[in-house]
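Since the structure comes first, as structure tokens, the remarks are kept for the end.
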Protein chains: 2
Amino acid sequence: MTQMNKQNVGPRTGCACCCDIGDRLKPDFFKALCDPTRIGLLIQLATSGEAQTVSQVAEQVPVDISVVSRHLAILRDAGILRVQRQGKEVRYSARYEGVVSTLRGMADAIEACCPSQAGRGTATGSIEAVQDES
Amino acid sequence: MTQMNKQNVGPRTGCACCCDIGDRLKPDFFKALCDPTRIGLLIQLATSGEAQTVSQVAEQVPVDISVVSRHLAILRDAGILRVQRQGKEVRYSARYEGVVSTLRGMADAIEACCPSQAGRGTATGSIEAVQDES
DNA sequence: CCATCATTTGCAGTATGACGCAAATGAACA
DNA sequence: TGTTCATTTGCGTCATACTGCAAATGATGG
């Protein structure tokens, strides 16, 4: 096929109400959270409440500390974690507000994009892979 | 290292308020949306408003129709798309409500998990990778 | 039954990502 | 300056994922 830009293929953002859905749904954000280990690190930092060093985080995880360092950097680059140096150690903490607002922003964008469908059906609870046909 | 279950590594879900954060943040959901092409397909179906056949979706995307079929199946398995057969063609549509409630559920879980940090700082707008130190 | 169309699946090639180990970098301290 | 500790990075290996092509499956119509 002709090589086009892989980013945003065909999201022909027609109406003004859904012009930013393509800007909200960033693959890098999902890519940062698509790994189970990284999810675990985020949960660990989120439940901890306070910043933790790379070593402290690595103690709770069955992978090498170098791998943890890389995972934390990925989450940091995605804006999910905050980092601060304290002497020779680096402390990571979760950017709750940013992650929460990012998630809500995506939800709002999708909802604004499809107003005709919003507010019908079972809109509560988490989704479960439904099979409309066996 | 000793081979533990890769799912949910170390999320030691201490308090009762954040006991479900590990259940909300599912890697499979993020994995389904971590590919730019799949994001494009979701946006295309979301902005379209109505169900589209695999061929219709594939026309808007510079990849082979077989690849599109696989991508749509992945999104369907993740509960992001709905499918319905009409004769010999298959129509996919976005499960707005499910995706929106999933995103909001994750946001709520994170927020409930870290109450001490909620409601401070710039909690509006999308996140941007900040570097607390250069 | 056979032909046709839409979709899915098998297969192989290539690319991306996770991982562990070892070496390098950076900061504090004697 | 040299040492020590925490963290990062280079590198090779292995697993997973994306892609296109071709064949198979499934449904409709002659």
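Each reported figure results from applying straightforward, stated rules to the coordinates on display, with no laboratory input. Because the structure is predicted, anything quoted here is derived from the model rather than measured. When we count neighbours, we look across all protein chains shown, and the Cβ atoms used for this are built from the backbone with ideal geometry, even at glycine.
Structure values in brief
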{"read-out": "Position B:Glu59, label points 7 Å along Cα→Cβ, spacing to each other copy in nm (shortest first, one decimal)", "value": "6.1"}
{"read-out": "Cα point-scatterer Debye curve for the range A:20-112, base-10 log of I(q)/I(0) at q = 0.22 Å⁻¹", "value": "-1.07"}
{"read-out": "Distant-in-sequence amide H partners of A:Arg82 (H built 1.01 Å from N, under 5 Å)", "value": "A:Ser93, A:Ala94, A:Arg95"}
{"read-out": "Average partner coverage of B:63-69, which counts Cβ from other chains inside 10 Å", "value": "1"}
{"read-out": "Averaged over B:104-112, number of beta-carbon atoms from partner chains that fall within 10 Å", "value": "6"}
{"read-out": "Calculated FRET efficiency for the pair A:Gln84/B:Gln60, C-beta based, R₀ 51 Å, to 0.05", "value": "0.70"}
{"read-out": "Mean Cα-pair separation over length for the range B:18-113, i.e. relative contact order, pairs under 8 Å, 6 or more apart, %", "value": "36 percent"}
{"read-out": "Peptides ranked, highest mean first, by Cβ atoms within 10 Å: ranges B:45-56, A:34-45", "value": "A:34-45, B:45-56"}
{"read-out": "For residues of B:87-97, the mean tally of beta carbons on other chains within 10 Å", "value": "4"}
{"read-out": "Footprinting exposure proxy for B:Cys113, B:Cys19, A:Cys114 (fewest neighbouring C-beta atoms within 10 Å first)", "value": "B:Cys19, A:Cys114, B:Cys113"}
